[in-house]
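Encoded as structure tokens, the structure appears first; notes follow it.
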């Protein structure tokens, strides 16, 4: 929904400034949540391993700086309905990167769904007036989706940080950097109402959704999380009609049906086979189950808790997703 509200808000504001304010808003909103949770984000960052620190930096640069700038310029020069639909390409980029680089298992239902989403995106980005040509705003959104695909896969592996701390750090870093770029190299300052509006959109649409997104990344893997997440842009398309009075062409509605069909295919997937778990040690929120059967000095703990723990080698068969415990080859 954020592209619609941003389109209503942006006016003469620099796209870079808008991107910065959105991410700064997410960081501020999540920092307030951490305050009430009495969590110390600096303490978690100080204990981050070098390997995860590099992945966090890569995620901030790709998904917190480059991608939002591309999206902000796409919003500036395109329609909200076009931008909303093309954001579904993030799920395609995430899946291809997860498969090629991070060796995540991608089943036939997922691949078929991606093909349908790609066909739908082609109907949106290709303009037929005077011959087939690419929309500049559409290409900018595609670039944003590619960099967010990189970000999603890197973020999935930074399991040493809680999802709220991770999202807050990314928000602050990306927001401050983009605002600096906007003030240094662009013109068009924002009014107080634009600033407060962008911060509010960032806190709710970026901050809250990013926390939920990170949790899903760790539980069902990057490719499937991005596919479920692709439901969001359809609400943006409907809002662009209701609030902005936009009238998307017929091709956009055909694209919507194709993309929704691609997402629906994921519900047909059932992945089960015998697999082995190697010994590993890490820290993340968990409950005691067949993968977490360690003991506590104070006795059994029923609620979700977070601490450093060791997984012993084991082999079994059950329905599973490519989460942080199921990264085995196929």
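The values are calculated or read from the model by the stated rules, or taken from the named source; none is laboratory data. Just so we're clear, the structure is a prediction, and the values are computed from it rather than from any experiment. For neighbour counting, all protein chains shown are included, and Cβ atoms are generated from backbone atoms with ideal geometry for every residue, glycine included.
Among the residues of the stretch 46-61, those identified as in contact (Cβ under 8 Å) with a residue 60 or more places away in the chain and under 21 Å from the mean Cα position of the chain (by Cα) are 52, 55, 56, 58, 59, 60.
Within the stretch 13-21, can one find any residue that is assigned by TED's automatic domain parsing to the domain that holds residue 193 and outside any helix (DSSP H, G or I)? Yes; the residues of the stretch 13-21 include at least one that is assigned by TED's automatic domain parsing to the domain that holds residue 193 and outside any helix (DSSP H, G or I). Filtering the stretch 41-56 to residues that are more than 19 Å from residue 281 (Cβ to Cβ), surrounded by 11 or more Cβ atoms within 10 Å (Cβ to Cβ) and out of contact with any helix residue (DSSP H, G or I) (no Cβ under 6 Å at 6 or more places or on another chain) leaves 45, 54, 56.
Taken together, 300, 279 contain a single residue that is at pLDDT 70 or above and at negative phi, which is 279.
Taken together, 182, 198, 167 contain a single residue that is touching a helix residue (DSSP H, G or I) at 6+ places or on another chain (Cβ under 7 Å), buried (at least 24 other Cβ atoms within 10 Å of the Cβ), more than 24 Å from residue 285 (Cβ to Cβ) and modelled with pLDDT of 85 or more, which is 198.
If you go through the stretch 185-204 and keep only what is part of a helix (DSSP H, G or I), in contact (Cβ under 8 Å) with a residue 24 or more places away in the chain and more than 24 Å from the chain's Cα centre (by Cα), you end up with 185, 194.
Screening residue 80 against (1) at pLDDT below 80; (2) out of contact with any helix residue (DSSP H, G or I) (no Cβ under 9 Å at 6 or more places or on another chain) leaves a single unmet condition, (2). Only one entry of 242, 223, 255, 261 meets the criterion of being part of a helix (DSSP H, G or I) and modelled with pLDDT of 80 or more, and that entry is 261. Of all the listed residues (117, 142), the sole one being in a helix (DSSP H, G or I), closer than 30 Å to residue 56 by Cα and modelled with pLDDT of 85 or more is 142.
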